[in-house]
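Each remark here refers to the structure printed beneath this line.
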Amino acid sequence: RGRDISIDIELTLAEAVFGAGRKVLLTKNNICTTCSGSGADKKAGMTACTACNGNGKIRETRQSILGSFTTVRECTVCDGRGNIPKVLCAACGGRGVLKSEEEIEIAIPAGIENGEMIRMTGRGEAVRGGTAGDLYVKIHVQKHPSIVRDGANLRSTLSVKLTDALLGATYTVTTLDGPVSMHIPAGIKSREQLRIRDKGVRSGNRRGDFLVEIIIDTPQKLSRRA
């Protein structure tokens, strides 16, 4: 089995909430396209391994005071395949793999969290006569200037004037879906929360909510008229 490899990807909060696609260019061991991973010149072909007589395994018998013991191990000459190249592939030198660049498309699922890992089976490093390793993608979500994630919900704060808090008003709130008009009820207190439904993070068949914490901007000085 080939080696596993890991990479880090940075996402915006919106990309993490709604999902995104990424293309990355990796330099790693890939199956040699010239010989298709056999390690042999295509015109010359393969021949039976002389070390294991084409069996792919070597049987060894050893004598001891308790009797004879027979062990079977994989042939290291042919890597257990039973055949070897008549002529080595000129591109990879018989290794069957070649270090080259490969563009990989990564689908970021909606709702992924910071620090989560995506496993892509078989997209790691290739090895002759075996299976490729896996690619692990670690997600890093950038901080949003005004919105934070809280599980399936999103949170932000909104500063409102004292008169609007006392008498009520309508404000525009910035969400990841775009601007949303929100009514501030008369008499609202500072640190109270208002809820905008279905503007949070998708979880299963529904989305969480967008929670807005109201901060009343109390003036330090008031005129006699005010």
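The values are calculated or read from the model by the stated rules, or taken from the named source; none is laboratory data. All figures in this text were calculated on a predicted structure; none of them were measured in a lab. Neighbour counts run over all protein chains shown; Cβ positions are idealised from the backbone, glycine included. Note: accessible area is taken over every heavy atom of the protein model, side chains too, but ligands, DNA and RNA are not part of it. Shrake-Rupley method; radii C 1.70, N 1.55, O 1.52, S 1.80 Å.
Consider only pairs whose beta carbons are under 9 Å apart and that are at least six residues apart or on different chains; among these, list those whose first residue lies in the stretch 7-21 and is closer than 15 Å to ILE147 by Cα and of a type in the set (A, V, I, L, M) and whose second residue is open to solvent by less than 30 Å² (accessible area, probe 1.4 Å) and not in a loop (DSSP other than H, G, I, E, B). Close Cβ pairs satisfying both conditions: LEU11/ALA20; LEU11/ILE108; LEU11/ILE139; LEU13/LEU154; ALA14/ALA20; ALA16/ILE108; ALA16/ILE139; VAL17/LEU154. Of all the criteria given as (1) in a strand (DSSP E or B); (2) over 30 Å from MET182 (Cα atoms); (3) small (Gly, Ala, Ser), the one not satisfied by GLY133 is (1). None of ILE5, ILE9 is under 14 Å from the mean Cα position of the chain (by Cα), open to solvent by 30 Å² or more (accessible area, probe 1.4 Å) and either among the charged types (D, E, K, R) or closer than 17 Å to GLU105 by Cβ (or both) except ILE5.
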